[in-house]
Amino acid sequence: MWQPNKLEKERLEKANRLEAGGLLLYPGRCQRSHTVAEAVEAFHSDKAPGSTYVSVVGRIRRLNTKGKVSFAHIEDESGRVQLFLRLNTLGEESYELVRRKLIDVDDFVHASGTMMRTRAGEISVDTAQLTLLSKTLSPLPVVKEQRRADGSVSEYGEFKDTETRYRQRYADLAVNKSVREVFVKRARTIKALRDFLDNEGMLEVETPILQPLYGGAAARPFVTHHNQLHQDLYLRISFELYLKRLLVGGYDAVYEIGRDFRNEGVSYKHNTEFTMLEFYKAYIDYEGVMDITERMFAYTAEQVNGSSAIRYQGAELNLTPPWKRLSIREAVQEYLDFDYMDFPSSETLYAYLQSRGLADGLDRDDTWGRMIVEHLLGNHIEERLIQPTIIKDYPRDVSPFAKRIRGDAAGDEKERRYLESHTERFEFFIHGMEMGNAFTELNDPRDQQARFVEMKRLYDEDSDETTPLDEDYLRAMRFGMPPNGGFGSGVDRMVMLLTDQDSIRDVLLYPHLREPAPSENDLRGQFMLDAAVRQLEYQLDLPLAEKKRRIALYLPKVEVGIEFRMANALEGSLAQLQNLRVAFAGQLYVMTDENFYHVQDELTEMRIADFWRSIT
RNA sequence: GGGCGCGUGGCGCAAUGGCAGCGCAGUUGACUUUUAAUCAAUUGGUUGCAGGUUCGAGUCCUGCCGCGCUCACCA
């Protein structure tokens, strides 16, 4: 339950006074003739001064009450404009609302009047009519701006506590314009990607989010259950297998932009759910995908920021094609100065890396491919790939859906082994961050089946790397899948690049956060209700209506003061309960999964640890 | 999950273990061209939660909760 603080009580009081005076606090409609930006524009193209009459709406962001004349800035999505509020123009009654500050900063208002310029030079609405559109009961955080002579804006006071900003994104957006701009650019990014892919002749499709079998990537899935069908379902970790089935169905090229879910840690570049873009195009290989990738990134950057050269975290990045392309083998040669093909097994490679002092944090039981990709590339090379770089030709055991590399070893044993153990796959990196992944897709059903089996042999059942064998996917492939190139990329990371944000959370409107501890008031209410409901549910066999009646009677009698998340803790471990202190009067029953305890008939206060001891 | 850091009025921040303070916002008053308006007065706090050490804890110790950074994990 909401417990208004001092500021909120003041606003509630104002709201009551306004309402008592017959004012509508939340009228259903208003007449808007211009957006704020249009109103300013109209003033500029105004031939005769004072001839432009506008009705604008917005939220009050600044209010300067000064005797018989006042100034307010209102803001709508298009920008801000000043309201010039004068007793003579506005009239006694309306002006009184302003002068008495019954209309506050943060309220939504409607203002009508002619456009004018104040003596200080600011274009303003000479307000003749001011109407409240929505009364704000909780004030937003205070942020003041100063516009300097050179046009730059500096802020005084900020709303920057990250936790509150993420949990109360609406307040963050309402106060921080730069945050709003990020999400405008995000929308433009996704639109640009769609436009680009549509123009490439690809068909946008939608595939299941709930899948009976997950696959297409190496990640732990979320599991859920369909009650009626008695079926476990996975939230997808990628779209890959469903999209490629569509190429079997006869589409030349398909793409999907949507949400993936991975049950893994969060970081500045990982969120449990994130937006993925995947496309598959028949009759091209990974070289073709590279070309599309480069053009797509350059195009999107141009659409969003007006240039394919961008500035990210102080670095100048040029997304203009062509990008640097090199094989992972060449990358290791270039950055770490050795040829890993000289160490063709995980044992020999590990021994060599140890001798070079490069084995820190490396698991000696890892597969050969993982040592190269996860360790050498991931830990030693990735962070140095600042300008867009395509790294291609990956070891096979980490690439179960990519086609073997082509080429002629010409009798050279080392080269023969290289060709045999590598696939036509590439990842690309910008500013040290992996941006996407692509292959010449495997379309030989026999090879694909062998890969599934091989993965099962190489990785434990519960390893992230393991990919469940998908019989239906193999069946689809047996019907004939055209040769094709596929692509997958994290859209959030792309938005990070284009908006110069260093955390994925800043490009997600609602990033995933832990459940916060509920306030004591919430707990009090929740606990009282739980206690009452439980008492009735388990002690009395009554019709629902009677239960409700008794709950209503019972509630006021229960006086509970607790200082923790009681509801959750009761289902938690004993250790979690140690610090709880519970005080209650009246009859109270506490439920756990197995037991049902009658606690006390009279006032009791004890630590939960003691309570637990007394009943076990 | 490990390490480091942070948590103090609505927001931003102070406080060698010794009276919890400042700015903004708010409230009251003055002001008919302000724009971080100004001037005068003024309200507002169980310092994330629970224990402990101490004559005395925002500060030190322990546990817990949350957030950030980082490592691990991770296309």
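Look through A:E13, A:E19 and report the one residue that is open to solvent by 90 Å² or more (accessible area, probe 1.4 Å), within 25 Å of A:P141 (Cα to Cα) and more than 34 Å from the chain's Cα centre (by Cα).
Details: A:E19 fails: within 25 Å of A:P141 (Cα to Cα).
Selected residue: A:E13, the only one of A:E13, A:E19 that is open to solvent by 90 Å² or more (accessible area, probe 1.4 Å), within 25 Å of A:P141 (Cα to Cα) and more than 34 Å from the chain's Cα centre (by Cα).
Return the pairs, sorted by first residue and then second, in which the second residue is more than 16 Å from RNA strand B (Cβ to nearest atom) and in a loop (DSSP other than H, G, I, E, B), the first residue lies in region A:218-235 and is farther than 30 Å from A:R396 by Cα, the beta carbons are less than 7 Å apart, and the residues are 6+ apart or on different chains.
A:Q231/A:P212
Do you know which residues across region A:426-438 are open to solvent by less than 20 Å² (accessible area, probe 1.4 Å) and not β-branched (V, I, T)? So that I can check it myself, show each step before the final result.
Quick first cut of region A:426-438, residues open to solvent by less than 20 Å² (accessible area, probe 1.4 Å) only: A:426-430, A:432-433, A:435-436, A:438.
Correct list: A:F426, A:E427, A:F428, A:F429, A:G432, A:M433, A:M435, A:G436, A:A438.
Does any residue of region A:343-366 turn out to be open to solvent by 80 Å² or more (accessible area, probe 1.4 Å) and in contact (Cβ under 8 Å) with a residue 60 or more places away in the chain?
Within region A:343-366 (the criterion being open to solvent by 80 Å² or more (accessible area, probe 1.4 Å) and in contact (Cβ under 8 Å) with a residue 60 or more places away in the chain), the answer is no, since none of the residues qualifies.
Hey, any hits in region A:367-381 for a residue that's of a type in the set (D, E, K, R) and within 13 Å of RNA strand B (Cβ to nearest atom)? Talk me through it step by step, then tell me what you get.
Kept after step one, since they are of a type in the set (D, E, K, R), are these residues of region A:367-381: A:370, A:374.
Filter again for within 13 Å of RNA strand B (Cβ to nearest atom), leaving A:370, A:374.
Yes, region A:367-381 contains a residue that is of a type in the set (D, E, K, R) and within 13 Å of RNA strand B (Cβ to nearest atom).
Out of everything in region A:385-406 that is over 18 Å from A:D444 (Cβ atoms) and assigned to a loop (DSSP other than H, G, I, E, B), what residue ends up being farthest from RNA strand B (Cβ to nearest atom)?
Only one residue tops the list, namely A:Q387.
From A:S78, A:S51, A:S70, which residue is open to solvent by less than 40 Å² (accessible area, probe 1.4 Å) and of a type in the set (S, T, Y)? First the steps, then the outcome.
Details: A:S78 fails: open to solvent by less than 40 Å² (accessible area, probe 1.4 Å); A:S51 fails: open to solvent by less than 40 Å² (accessible area, probe 1.4 Å).
The conditions single out A:S70.
Give me the helices (runs of 4 or more DSSP H) completely within region A:155-200, filtered to those with at least 2 residues that are surrounded by 13 or more Cβ atoms within 10 Å (Cβ to Cβ), near RNA strand B (Cβ under 8 Å from one of its atoms) and of a type in the set (S, T, Y), ordered by residue number.
Here the list reads A:162-167.
For A:D46, which of the numbered conditions (1) over 37 Å from the mean Cα position of the chain (by Cα); (2) under 17 Å from A:D104 (Cα atoms) fails to hold?
A:D46 satisfies every listed condition except (2).
Does A:R457 satisfy the condition of being within 22 Å of A:Y283 (Cβ to Cβ), part of a helix (DSSP H, G or I), away from RNA strand B (no atom under 16 Å from the Cβ) and of a type outside the set (D, E)? Spell out the reasoning first.
On the way: within 22 Å of A:Y283 (Cβ to Cβ): no; part of a helix (DSSP H, G or I): yes; away from RNA strand B (no atom under 16 Å from the Cβ): yes; of a type outside the set (D, E): yes.
So A:R457 does not fit the description; no.
Just one of the numbered conditions (1) under 25 Å from the mean Cα position of the chain (by Cα); (2) farther than 28 Å from A:Y234 by Cβ is not true of A:F279; which one?
(2)
Specify which of the listed residues (A:E240, A:E206) is surrounded by fewer than 19 Cβ atoms within 10 Å (Cβ to Cβ), assigned by TED's automatic domain parsing to the domain that holds A:N484 and under 17 Å from A:E278 (Cβ atoms).
Numbers: A:E240 fails: surrounded by fewer than 19 Cβ atoms within 10 Å (Cβ to Cβ).
Answer to the selection: A:E206.
The values are calculated or read from the model by the stated rules, or taken from the named source; none is laboratory data. All figures in this text were calculated on a predicted structure; none of them were measured in a lab. Cβ: placed from backbone, ideal geometry, glycine included. Neighbour counts: every protein chain shown. Accessible surface is based on the protein model in full, side chains and every heavy atom, while ligands, DNA and RNA are left aside. Shrake-Rupley method; radii C 1.70, N 1.55, O 1.52, S 1.80 Å.
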